[in-house]
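All of the numbers you see were taken from the coordinates with simple rules; none came from a lab. Here the structure is a predicted model, which means the values were calculated and not measured. No Cβ is skipped: glycine too gets one built from the backbone with ideal geometry, and neighbour counts run over all protein chains shown.
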Amino acid sequence: MTDKKDEVKKDNIVAKKDFLIVQNSERYDIKEGDDIIELKVPKKFYANLKTENII
Amino acid sequence: MPLSQPKTIFGIHSVTPYNITTREFLGTTQVVGSCELSSEGELIPLNGGSSKYPWKVERGLITAEISLTLKEYPNWIFEALVGKAITENSAESGGSVVAIANANGTSVVASTGIASVGVKSGDETDVKFAGFVVKAVSATTVDVYASTNLDFANGTDKTFEDDLLKITASPLTITTSTAVEIPDFGVELTGGAGTIAMTSGDTAVFSSRPINTESQEVVVGSSTEVFNDFGLIITGQRAGDKFMTALDCYKVAAAGLPINFTENAFSEYSVTAQLYRDTTRDGIYKMERVQATN
């Protein structure tokens with residue numbers, strides 16, 4: 001029996017272009033087409049990614 | 001009675017300026033190359049007729065000048081010669097950062113940019129002596145540049161990243177109300193409270209000082225400069241026979257302060273000052289000397 005929870009597909013957030021996040025010990029080298037969620041980019045950077053027109 | 005000992009002056013011990021009004025000392029200087037008082041008078045001859053020689057000679061003006069050659073930069077010299085007192089900072093056991101200010105544009109230091117810069121707790125030993133430029137390279141990232149690598153070996157060693165003196169290998173990401181360290185410089189930039197949105201190309205500047213026991217700063221050439229004349233006590237070296245001489249110049253006017261950075265040499269500089277009459281004490285200087293016996 002399949003768990004219904006597994007059937008819920010996560011939304012993808014795809015990067016529109018390359019962008020590098022470097023902050024203290026955190027570093028995320030985002031490439032165009034990358035899934036931000038899959039890369040586990042913390043939500044605190046989402047505002048930046050929107051401002052930079054990455055997502 | 002036999003002839004007395006020769007009255008000589010040997011060497012220079014110190015130069016001590018004082019406030020003419022209060023007579024309080026402004027400090028002293030002992031790393032002195034020379035301090036020479038020239039007192040040149042003009043002689044005015046009366047010539048006339050067929051005489052090859054003057055009929056009379058009378059004295060004209062006498063100019064009293066002091067030529068100082070100094071080899072240190074005491075605090076008082078700035079107040080006396082360029083009209084601006086030095087600001088003396090207390091010891092900084094954790095280093096310090098001089099506040100960040102916008103240079104080009106207004107978006108870097110802002111509630112939507114960088115709110116402040118400070119020493120990163122725990123990384124105080126990495127703070128270096130340099131000036132910095134923070135440049136927005138996108139709406140939310142900055143590159144940082146340093147004015148000199150003079151102190152880059154202090155704490156964690158650093159090197160420049162390029163010929164334009166960049167010190168950040170990658171642009172630093174500024175996020176709202178979050179501190180971002182400039183790696184290995186002991187300094188962190190804290191994002192403003194708003195949504196970060198800087199203008200690419202805008203810049204801001206700040207400087208940092210490493211852990212220290214003292215530091216000074218002075219801005220020369222500002223509109224708030226005040227030139228005050230001063231008194232000056234010049235003291236010759238104490239001779240082996242205990243003969244000592246001091247010259248108290250009552251009123252001295254001087255202006256200008258050369259500062260020399262010369263390869264492998266201590267800065268040595270010369271200043272010329274003029275003496276003028278103190279009507280209260282009725283003179284331009286007083287010489288005092290003593291043959292001590294003990």
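Could you work out how far the C-alpha centroid of the range B:230-247 sits from that of the range B:127-141, in angstrom? If we compute the Cα centre of each part, the gap is 53 Å.
Extent of the protein assembly as shown along its three principal axes (Cα atoms, max minus min coordinate, largest first): 131, 57, 37 Å. For chain B, a crude dipole built from +1 on the beta carbon of Lys and Arg and -1 on the beta carbon of Asp and Glu, taken about the Cα centre, is about 1360 debye to the nearest 20. Dividing the helix sum by the residues of chain B, where each DSSP H run of 4 or more adds -39500 (n - 2.57), gives a mean residue ellipticity at 222 nm of -500 deg cm²/dmol. Rounded to the nearest 20, the size of the Cβ-charge dipole of the protein assembly as shown about its Cα centre is 940 debye, with Lys and Arg at +1 and Asp and Glu at -1.
Projecting the Cα positions of B:I182, B:S170, B:P258 onto the charge dipole of the range B:116-262 (unit charges on Cβ atoms of Lys, Arg, Asp and Glu, taken about the Cα centre) puts B:P258 furthest along the positive direction. Approximating the spin labels as points 7 Å out from Cα along Cα→Cβ, the B:N149-to-B:A253 distance works out to 4.9 nm. Simple rule: put +1 on each Lys or Arg Cβ and -1 on each Asp or Glu Cβ in the range B:86-199, find the dipole, and look at B:T199, B:A103, B:V142; the Cα lying farthest toward the positive end is B:T199. When its C-alpha radius of gyration is set against 2.2 N^0.38 Å (N residues), the range B:168-218 gives a value of 1.42.
Remark: for residue pairs A:K50/B:K135; A:K17/A:K44; A:K40/B:K135; B:K242/B:K286, the C-alpha separation exceeds 25 Å in A:K40/B:K135.
Between the listed residues A:T51, A:L39, A:Y28, the Cα displaced farthest toward the positive end of the dipole of the range A:11-51, a dipole computed from Cβ unit charges relative to the Cα centre, is found at A:T51.
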